[in-house]
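The values are calculated or read from the model by the stated rules, or taken from the named source; none is laboratory data. The structure presented is a predicted model; accordingly, all values stated were derived computationally and were not measured. Every residue, glycine among them, receives a Cβ derived from its backbone with ideal geometry; neighbour counts consider all protein chains shown. To get the accessible areas, we keep the full protein, side chains included, count just its heavy atoms, and leave off ligands, DNA and RNA. Shrake-Rupley method; radii C 1.70, N 1.55, O 1.52, S 1.80 Å.
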Amino acid sequence: TDTKPAGPGELVIRQMSEAEIRATRWLWQGYIAKGYLNLLAGETSAGKSNFMMYVASIVTRGRPFPGEGVDAALKRNRGRVLYLGNEDSVAEMIAPRLIAEKGDLSLVLEIAGVMRDGERDYFSMQDDTEAVRKTIDRYKDTDAPVELLVIDPVTAYLGGRTLRRVDLGDNGQLRQILTPWATLAEETGIAIVALTHLAKDTTRNVLHRVLGAQVFTALCRSLLYVVKLPAESQHMKALFQVKTNLAGVVPEGGLRYETVLQQVGTDRKTGEPILATRVEWGEVDPGLTLESLAGGSRGPESQYGPQPPGT
C-alpha cells in the first residue's frame, strides 16, 4: 500500500520565562546526580559492582556518603533501589555484599525479567521503560520511594524488539534507546547509574574509551571512573569524577577506597562460610589524578578490543 509522505513539521516553542528553575539535586554531592543518567566506567575487576552495592546500602539506610556531614544524613530518607544486573550472582555476590555493607536488603529490588503477554521475558531498555516507571510510581508515596536504578552493565540490555542487534558504534541507535531513560530520570527524579567497561585503546583518555558511541558520554551528566591502585595494594582502588556539567562542588583528585573481605554468614547446606567484600573509604587526594597513575589519563589496559572509528 502507498504511504502518504509526512507534511512539513511545526516547531514546538516554549518561552524561557515559562521554565521553572531549580537547584541541582544530588544523591551523592559531586558524584551521582538525581534526575539524570550517570555513568560508571572502569576496567574489568576494578570493583564497579562492589562500589554500587555500597551506594545502594547508603540509599536503603539513609546514611551519609563520604564527605557529607551528619546534617546531610538527617535530611536523607531511606529509599529503594532497583537493581538490574547479569554479571554477578545475586545469591553469591550481590546479596552478601549488601549484607557486608549493612544495607537493607528488603529495599533492594532485583529486576529479574518482565512479564509479556502472560510469559516471562528478558528485560529490554528499548521496550521496558514504562514498566520501570510503573514500579517507581508504585512506591512514590511510601516511606521509602525509589531513589536509584542500577544497570549493570548497560550494554547487556540494549537489544529489543525494534533493534535486536545494537551497534555500539552507532550514535543514532544508542540515542534512540538511551534518551527515554534520561527523560525517565528527569521526570521521576531518581538517579540512574549505568555501569560500563572501557575499550582497549589506551592511546585515548577515559572520556573517549567508554565502551560504545559518543552518545553515552553525551547523555550522562556525571561520568565516574574507578581504577585499581596495585602499586599501593592489590585491594586499593580510587574513584574519579571525569565529567560533569552540573552545578555543585566537584571533587578534585581521586577518592581512595579499599575492598575488605569479611564473613557475612554460613551456608545452610554446606556449612561453609559466606564471604563478601565491603568498602572502606579513605580521603580525597588532590594529588591523585588520572595523569599521575601508570598509563596517565588513559588508564590501564582493558580486555575489550578497540572501538569502531568515530566512537
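Residues that are crowded, with 17+ Cβ neighbours inside 10 Å, under 19 Å from the mean Cα position of the chain (by Cα) and either of a type in the set (S, T, N, Q) or at pLDDT 95 or above (or both) within the stretch 134-154 comprise Ile136, Pro145, Val146, Glu147, Leu148, Leu149, Val150, Ile151, listed in sequence order.
Condition check ((1) at pLDDT 85 or above; (2) surrounded by fewer than 19 Cβ atoms within 10 Å (Cβ to Cβ); (3) farther than 25 Å from Asn77 by Cα) across all residues:
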| position | (1), (2), (3) |
| --- | --- |
| Leu174 | yes, no, yes |
| Ala185 | yes, no, no |
| Gly189 | yes, yes, no |
| His197 | no, no, yes |
| Asp201 | no, yes, yes |
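The one condition from (1) within 26 Å of Leu275 (Cα to Cα); (2) open to solvent by less than 20 Å² (accessible area, probe 1.4 Å); (3) among the polar types (S, T, N, Q) that Ser106 does not meet is (2).
Among the residues making up the stretch 44-71, those that are among the charged types (D, E, K, R) and under 20 Å from Ile192 (Cα atoms) are Lys48, Arg61, Arg63.
With the requirement that a residue be open to solvent by 50 Å² or more (accessible area, probe 1.4 Å) and either within 17 Å of Gly85 (Cα to Cα) or at pLDDT below 95 (or both), what does the stretch 116-133 give you? Of everything in the stretch 116-133, those that are open to solvent by 50 Å² or more (accessible area, probe 1.4 Å) and either within 17 Å of Gly85 (Cα to Cα) or at pLDDT below 95 (or both) turn out to be Asp117, Gly118, Glu119, Arg120, Asp121, Tyr122. Of all residues being surrounded by fewer than 17 Cβ atoms within 10 Å (Cβ to Cβ) and touching a residue at least 24 places away in the same chain (Cβ under 8 Å) in the stretch 265-281, which is nearest to Trp26 (Cα to Cα)? Just the residue, please. The qualifying residue nearest to Trp26 (Cα to Cα) is Trp281.
Counting just the residues of the stretch 73-98 that are aliphatic (A, V, I, L, M), open to solvent by less than 20 Å² (accessible area, probe 1.4 Å) and farther than 23 Å from Gln29 by Cα, which one comes out modelled with the highest pLDDT? Step by step, filter the stretch 73-98, then rank; the result is Leu84.
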